[in-house]
Amino acid sequence: MYVVIAAIAWGTGGPTGALLTQHAGLTPTATSFWRLATAALWLALARRLSGRGAARPHFTATPLRHLVSGAGLALCQLGYFIAIPRVGVGIATVIALGAAPILITLATRERLTKSILVALIGLTLLTFTTGQANLTGVAAALASAAGYSATTILNRNTPDPLTTAFAGFVTGTAFLLPFAALPTTPAGWLLIAYFGLIPTALAYTLFYTGLRALRASTASLVALLEPVVATAIGAALFQEHLSTMSLVGGVLLLLAVTTQARR
């Protein structure tokens with residue numbers, strides 16, 4: 001359930017990022033910086049309100065893990081946005097999201113199930129529109145998948161998901177600092193506050209919590225609900241057209257997630 005809620009929260013991130021581009025004058029890379037930076041601030045507040053002690057011992061206990069996890073979060077963001085103008089949103093989404101369950105399954109030596117393969121077909125049908133072959137774009141999308149996979153694998157069974165997410169956001173923010181830029185409108189700050197809170201701070205904390213009970217490959221597959229939610233929001237709020245192929249893909253994804261979750 002934690003991962004399902006995380007995926008739903010993640011699904012609101014795409015539309016929020018689009019609104020930031022339209023109404024706050026932020027590039028996707030600048031949006032990525034504010035996403036992680038604001039999430040770190042929200043979780044710093046949550047840690048204080050929950051009475052947790054200083055975060056430094058958590059950092060110093062396993063500094064390499066937090067550095068790699070933060071780098072993975074930054075790479076996940078940058079790789080995806082570098083890929084989009086080169087191969088298109090559809091191909092970038094299929095590679096960046098679809099490759100992650102496979103990479104995680106291989107890295108953790110779990111079995112590649114039929115559900116994962118069905119989910120990849122569903123994801124392709126749901127998001128694939130048009131695009132072009134571009135080696136740099138494909139490599140960037142694969143790098144995004146690798147970054148996401150690294151954070152997932154490294155943060156399995158963490159005793160304190162909230163602090164783990166906080167540590168990752170702090171280091172990820174440092175990596176994205178060169179891309180920082182200020183929003184141009186007051187509405188942009190409100191969107192940034194939401195982006196940092198719901199699709200990032202809350203979503204990743206819940207995802208890491210869910211990783212304590214689920215296999216990493218299963219959690220990454222359930223997280224593929226994200227594009228289903230994003231597509232539904234696009235259709236409901238932004239009047240985006242859904243083709244029959246997209247609907248079939250969404251159904252296949254839901255069936256694959258349900259089957260895998262029951263295993």
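What to note about this one:
- Sequence ranges 134-145, 35-46, ranked by mean other-Cβ count within 10 angstrom, highest first: 35-46, 134-145
- Full-extension gain in nm, residue 243 to residue 5, via 0.36 nm per residue minus C-alpha separation: 83.1 nm
- Share of carbon and sulfur in the accessible area of the chain stands at 70%, probe radius 1.4 Å.
- For region 58-67, 3J(HN,Hα) per residue [Karplus equation, 6.51 cos²θ - 1.76 cosθ + 1.60, θ = phi - 60°, Hz, x = Gly/Pro]: 5, 5, 6, 5, 9, x, 5, 4, 6, 5
- Most tightly packed first, judged by the mean number of other beta-carbon atoms within 10 Å of their residues, the peptides 77-88, 102-113 read 77-88, 102-113.
- Rounded to the nearest 20, the size of the Cβ-charge dipole of the chain about its Cα centre is 740 debye, with Lys and Arg at +1 and Asp and Glu at -1.
The values are calculated or read from the model by the stated rules, or taken from the named source; none is laboratory data. Everything numeric here is computed off the predicted structure, so don't read it as measured data. With ideal geometry, Cβ positions are generated from the backbone for all residues, glycine too; neighbour counts draw on all protein chains shown. Accessible surface is based on the protein model in full, side chains and every heavy atom, while ligands, DNA and RNA are left aside. Shrake-Rupley method; radii C 1.70, N 1.55, O 1.52, S 1.80 Å.
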